[in-house]
Amino acid sequence: RYMDDYFGVSGSEAKSSGLDEYNASAGFYGLGVELNARYEFAPEWGVEGKVGYERLIGDAADSPITDMGSANQFGFKVMITRSLSLGF
């Protein structure tokens, strides 16, 4: 269901978008790697960064939706973090 929701194109979607109808079956959709780094600049506060790469494979890579973009997916995040102690 996940693969078809994100990479499939139903008949009505094909008519309205001009894409070919496509039924994506179950399986792995990508292979990737992610690197994380964290720096604590105060006892409870820190900053965290993530950078990642993923290559779509199988039915996800063959989807007409993917053809509009790229099978190579890049991403990054920068977050401010705060640690909490609940003291139960």
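What to note about this one:
- Pairs are defined by a Cβ separation below 7 Å, a sequence spacing of at least 6 or placement on different chains, a first member in region 33-48 that is closer than 27 Å to F74 by Cα and of a type outside the set (G, A, S), and a second member that is open to solvent by 100 Å² or more (accessible area, probe 1.4 Å) and not in a strand (DSSP E or B); the pairs so defined are V47/F41.
- Among the residues of region 62-72, the one identified as under 13 Å from the mean Cα position of the chain (by Cα) and of a type in the set (A, V, I, L, M, F, W, C) is A71.
- Qualifying residue in region 53-65 (condition: out of contact with any Cys (no Cβ under 7 Å at 6 or more places or on another chain) and either loosely packed, with under 11 Cβ neighbours inside 10 Å or on the phi > 0 side of the Ramachandran plot (or both)): yes
- Which numbered condition T81 fails, given (1) under 13 Å from the mean Cα position of the chain (by Cα); (2) among the hydroxyl-bearing types (S, T, Y); (3) in a strand (DSSP E or B): (1)
- Residue pairs whose Cβ atoms lie under 7 Å apart, sitting 6 or more positions apart in sequence or on different chains, and linking a residue in region 11-24 that is loosely packed, with under 11 Cβ neighbours inside 10 Å to a partner that is part of a strand (DSSP E or B), are D20/V9.
- The condition (being more than 22 Å from the chain's Cα centre (by Cα) and part of a strand (DSSP E or B)) is satisfied by just one residue among G75, G46: G46.
The values are calculated or read from the model by the stated rules, or taken from the named source; none is laboratory data. Fair warning: this is a prediction, and the values are worked out from it, not measured in the lab. In this analysis, Cβ positions are derived from the backbone assuming ideal geometry, glycine residues included, and neighbour counts consider all displayed protein chains. Please note that ligands, DNA and RNA were not included when accessible areas were found on the heavy atoms of the full protein model with its side chains. Shrake-Rupley method; radii C 1.70, N 1.55, O 1.52, S 1.80 Å.
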